[in-house]
1. Find, to one decimal place in angstroms, the Kirkwood hydrodynamic radius of region 9-61, where the mean of 1/r is taken over every pair of different Cα atoms and then inverted.
2. Which ³J(HN,Hα) values in Hz, rounded to whole numbers, follow from the phi angles of region 13-26 under the Karplus curve 6.51 cos²θ - 1.76 cosθ + 1.60, where θ = phi - 60° and Gly and Pro get x?
3. Step through the residues of region 48-58 one at a time and calculate ³J(HN,Hα) from phi using the Karplus curve (6.51 cos²θ - 1.76 cosθ + 1.60, θ = phi - 60°), rounding each to whole Hz and writing x for Gly and Pro.
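FYI, it's all coordinate maths here, none of it is from the lab. Because the structure is predicted, anything quoted here is derived from the model rather than measured.
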Amino acid sequence: MTLLKETEAIATVTFGQVYCPICTHTVEAQIVTTRKKQFVKPGQRCPRCGSLLDAAHVLGHDRAA
Ligand SMILES: [Zn+2]
């Protein structure tokens with residue numbers, strides 16, 4: 001029996017602003033949005049400092065896709 005996680009089923013990926021805690025700058029990154037939460041798509045690197053953005057904070061979305 002396959003059980004599909006609801007959060008994965010409805011997740012969408014968009015670009016938005018995230019705060020990199022390493023270099024303390026706001027950069028653009030792909031953001032995964034589910035019905036309940038937003039988080040930075042895993043595996044991305046900060047264009048400024050090259051650190052993984054997994055721990056970065058999502059600040060907002062660009063309205064235009
Ligand atoms: Zn950075």
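1. Result for region 9-61 stands at 10.8 Å.
2. After applying 6.51 cos²θ - 1.76 cosθ + 1.60, I find 10, 9, 9, x, 8, 10, 9, 7, x, 7, 9, 6, 10, 8 Hz.
3. Values, residue by residue: 8, 10, x, 7, 5, 9, 4, 9, 6, 9, 7 Hz.
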